[in-house]
Amino acid sequence: MLEAKYGRAPITRPPQPAPEPAVMPSTALTGAPPSAIDLDIELPEGVGYRLKRALLGPPLTSDQLDEQRLSKPMALGVLSSDCISSSAYGSEEMLLVLLPIFGIAAFTILLPLTGVILGVLLLVTLSYRSVVMLYTKAGGSYVVARDNFGPRVAQVAAVALMLDYVVTVAVQAAAGTAALASALPSLAPWTLEITVAVVVLLFYGNLRGIKEAGRWFAFPTYFFIGSLGVVILVGLVREITGNLPHYDVHVAGAYPVGNGQSTLTALGIFYLLKSFANGGSSLTGLEAISNGVGAFRPPEGRNARRTLVVMSSVLGALVAGVSWLAHETHATPFTAGTPTVISQVAKAVFGPTAWGHALFLVVQLATMLILYTGANTPFNGFPFLASFVAEDSFLPRQLTKRGHRLAFSNGIIVLAACSLLLILGTGAHVDKLVAFYAIGVFTGFTLAGLGMAKHFATRREPHWRRDVAINGSAGIISLCIVVIFAVAKFTEGAWLVLVVFPVLWAALMRLNRQYRREAEALDKAPAVREQANFARHVVVVLVDNLDLATVRAMRYARSLKPSQLRAVHFVIDSAHAAALEEQWVASDSVATPLELIECPDRRLQRAALNLAARTTRNGTTELMMLLPRRTYSPLLGRLLHDRTADAIAETVSKIPHVAATIVPFDVTATESEELAAVLKAGGLPPHLVEPSRVATVDGLGAALGVPDSVAGMGAAGGADVAADVAISGASGGVAAEAPAETTPIGELDWRERVVVEGRIASVRVTPICDSPALACELFDETGGVVVLFYGRRQIPGVVPGRRMRVTGRVGNVEGQLAIANPSYELLAPAAR
């Protein structure tokens, strides 16, 4: 099967008829026609799950996880919002440091500082051009550091990027609210509440699975570029014509303007470095292209490189334009954070007319939208980064799991919680948040630059000296900026980053050591591949009370067909033991005698350990200890009941040839009338199923494993069915909508030729007449059918969760409807 994603047209072959079934009734089904596979019994939804469905919508299935590839214009709009939006506050952050020290001269000093920042932008961009060309699947400083410096150094990049994502949400959301309050000053007292509400809204939307790869997420970027570009162009024209107004810097609420300070003194140099560190926030988000290079259309590296250059050029032009107009208009930062410098520039450029005010509002709207969109970007990047780090065993593996709507929900929750704490702690003030910003950003730049320098120096490919010089310079300069930022902003919050950074790194290393220890323990397998069978297999059921949980455990134990079955009660309370023994003898539910073992010190773990050791002392006995565990409501259950079964299982499992198995019994479920109705409709509850039924619950799997159990499947065993494959449709060999003649699986008749369609529930390879066969269970809303492909171990695209349409004649296997060697079509996933 050739898919369109490889750049070739799909092959379409006419369906060939499946072989006629040889009607050989199974001995297990004499006189009974085959039937469709029963649909799964649905358990009643709990309160928590119903609430989740109400808030997030119905769950998405795994086949709806699609990755949309981006063109260069779309990628620029989607991936660069975080980076380009930083031009809205970079110049302002430099001015609020310069004005109180250097006075009016600050507007002149702003220009060379902006030039230095643009030089750093150029160097880092050249470095990341190498990154995106080499790492076309999963780029970014984390992978660069991991591949060139090892996993320990890579965790420095991981911590840096995670801190960067957290601060980005806070800074972008706070700056977006500042833009809103600059347009509507009456909202200024509510900036904290608005910022928190925006982050909560983004959190909720991402839990629902909103997708960034769409026009709605690209629009704010182009809207902002266009509107700010108009501001800069009109401002330059008005400056040339001599009618660009100047603001009075001595106004109430503005940052105080100093009397001037020489730039050559130690204090002057310190504040220049501090201002430069603030301006470094203009470069945040530059790594977004490298982190998302896998989303580009092929050739990924080349398209990502060109988009990176365009993004950096646009960012440089906007930062230079805003700094120049701030220099010309004397736009001054305010201590309250509003009005912002960029809003003052726009108001000065467009003037006080009605049209000018309307254009000013448009600019503020564009600024607000791109900043809020930039705040959403980490909700995509942070969970993916956390999942990468967790896959490397440096973070809890719960971060690798997708949630109700296919998003990495745990990562989204962690990001939102940390961002909200940061916003609340700083009062949603951009200036205070920037103190946490650039250390993480430029640490990532440092590791990316130095890692690429090492890569080129090691491989010595053509032009390697040039590449080493560019990337090494970018890494060293970024490291210098990290040091400058740590010193200059230490008292304003950078100290917290310097404390948290090593703590988080140490935590990641500690988690990794724990995972490695667990893996080493599990890898210590015996040299002999398969141990000889033990002469005796003893099953011991620990009994506390005679109830449904115990009865279920006893019947399960009997189904294991042990050499010896024992029911054991450890006597802690003699009165309770006597009553239990009397109840046990009088009961018809159990036939195994109850064995009472003294436990005078009431240490159940020790008593169980002694019992296990005595039973397996001869070296020829394998012991399985079954522990009935009653589960209760999640809230009160933990408070009202202990976890004795878990403690005993943990203790006895340390003895060789002893396995402890907990047999759970849900007490709350047996009290549910809704569940009782479901079980009544679908069959007996598990604790009342006879042992023989428990042993054969595998159904199809067990049946297909027995060669002579197959009936009505034809004689084509071992034949290659590649010629039977029919791939149609216009996209990647995926078929179009179902034809009208499709038959519901629940209405199939034996021996008829049919067309059925459904989702693949399971796939397994099973022997059929000494030849392999691929067996699938195909389900629709009415039932399920077995689909067999003789002579096949694997078929591309035939995987659980995929929708498929098959055409063939209905036979039977162990009383279930089955279709052998059908022609088939892989269908597109259900619409999301």
Q: Output the number of residues of the range 376-385 satisfying the condition of being of a type in the set (S, T, N, Q) and either open to solvent by less than 30 Å² (accessible area, probe 1.4 Å) or assigned to a loop (DSSP other than H, G, I, E, B) (or both).
A: 2
Q: Given the conditions (1) of a type in the set (A, V, I, L, M, F, W, C); (2) assigned to a helix (DSSP H, G or I); (3) open to solvent by 20 Å² or more (accessible area, probe 1.4 Å), report the number of the one that Ala277 does not fulfil.
A: (3)
Q: Mind counting the residues in the range 322-357 that are in contact (Cβ under 8 Å) with a residue 12 or more places away in the chain, farther than 14 Å from Val251 by Cβ, open to solvent by 10 Å² or more (accessible area, probe 1.4 Å) and assigned to a helix (DSSP H, G or I)?
A: 4
Q) Which members of the range 774-818 meet the condition of being among the charged types (D, E, K, R) and in a strand (DSSP E or B)? A) Glu777, Asp780, Arg803, Arg805, Arg809
Q: Please work out if Phe388 is open to solvent by 30 Å² or more (accessible area, probe 1.4 Å), within 18 Å of Val159 (Cα to Cα) and assigned to a helix (DSSP H, G or I).
A: yes
Q: Find the residue count for the range 223-236, including only residues that are of a type outside the set (A, V, I, L, M) and crowded, with 18+ Cβ neighbours inside 10 Å.
A: 4
Q) For the range 391-413, what are the residues that are buried (at least 19 other Cβ atoms within 10 Å of the Cβ) and either out of contact with any helix residue (DSSP H, G or I) (no Cβ under 6 Å at 6 or more places or on another chain) or among the small types (Gly, Ala, Ser) (or both)? A) Gly403, Ala407, Ser409, Gly411
Q.
Against the conditions (1) under 13 Å from Val97 (Cβ atoms); (2) part of a helix (DSSP H, G or I); (3) open to solvent by 20 Å² or more (accessible area, probe 1.4 Å), where does Val257 fall short? Just the number, please.
A. (2)
Q: Could you check, for the range 763-773, whether at least one of its residues is closer than 30 Å to Pro59 by Cα, of a type outside the set (Gly, Ala, Ser) and either in a loop (DSSP other than H, G, I, E, B) or open to solvent by less than 40 Å² (accessible area, probe 1.4 Å) (or both)?
A: no
Q: Looking for whichever is aliphatic (A, V, I, L, M), farther than 30 Å from Arg517 by Cα and more than 36 Å from the chain's Cα centre (by Cα) here; the options are Ala354, Ala375. Which one fits?
A: Ala354
**Q.** Evaluation of Glu581 against (1) within 50 Å of the chain's Cα centre (by Cα); (2) closer than 15 Å to Val571 by Cβ; (3) of a type outside the set (Lys, Arg) (one fails), failing number
**A.** (1)
Q.
When the residues of the range 164-190 are narrowed to those that are of a type in the set (S, T, N, Q), in contact with a helix residue (DSSP H, G or I) (Cβ under 9 Å, 6 or more places away or on another chain) and modelled with pLDDT under 90, which ends up surrounded by the most Cβ atoms within 10 Å (Cβ to Cβ)?
A. Gln172
Q.
Cβ contacts < 6 Å: first residue under 16 Å from Phe442 (Cα atoms) and of a type outside the set (Phe, Trp, Tyr), restricted to the range 489-500; second residue assigned to a loop (DSSP other than H, G, I, E, B) and open to solvent by less than 70 Å² (accessible area, probe 1.4 Å), any location; separation 6+ or different chain. Result?
A. Lys489/Ala435; Ala494/Ala435; Val497/Phe436
**Q.** Test: Arg129 is within 28 Å of Ala507 (Cβ to Cβ), open to solvent by 30 Å² or more (accessible area, probe 1.4 Å), out of contact with any strand residue (DSSP E or B) (no Cβ under 6 Å at 6 or more places or on another chain) and not polar (S, T, N, Q)
**A.** no
Q | Residue that is farthest from Ala577 (Cα to Cα), among those in the range 599-643 that are of a type in the set (Ser, Thr, Tyr) and modelled with pLDDT under 80 | A | Ser633
**Q.** Candidate set: the range 441-469, residues that are crowded, with 20+ Cβ neighbours inside 10 Å and of a type in the set (Val, Ile, Thr); chosen: the one nearest to Phe276 (Cα to Cα)
**A.** Val441
Q.
With the structure loaded, tell me whether Gly294 is closer than 18 Å to Met94 by Cα and surrounded by fewer than 24 Cβ atoms within 10 Å (Cβ to Cβ) or whether it fails that test.
A. no
(Q) Please pick out the residue among Ser419, Ser387, Ser393 that is touching a residue at least 24 places away in the same chain (Cβ under 8 Å), of a type in the set (S, T, N, Q) and touching a Ser or Thr at 6+ places or on another chain (Cβ under 7 Å). (A) Ser387
Q. Is it fair to say Val116 is open to solvent by 40 Å² or more (accessible area, probe 1.4 Å), more than 24 Å from Thr367 (Cα to Cα) and modelled with pLDDT of 85 or more?
A. yes
Q) In the range 191-203, what count of residues is obtained for those that are farther than 14 Å from Tyr372 by Cβ and surrounded by 14 or more Cβ atoms within 10 Å (Cβ to Cβ)? A) 1
**Q.** Sole exception among (1) modelled with pLDDT of 80 or more; (2) surrounded by fewer than 24 Cβ atoms within 10 Å (Cβ to Cβ); (3) among the hydrophobic types (A, V, I, L, M, F, W, C) for Ala252, by number
**A.** (1)
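The values are calculated or read from the model by the stated rules, or taken from the named source; none is laboratory data. Computed from a predicted structure; not experimentally measured. Using ideal geometry, Cβ is built from the backbone for each residue, glycine included, and neighbour counts are taken over all protein chains shown. Protein only, heavy atoms only, side chains kept; ligands, DNA and RNA dropped before computing areas. Shrake-Rupley method; radii C 1.70, N 1.55, O 1.52, S 1.80 Å.
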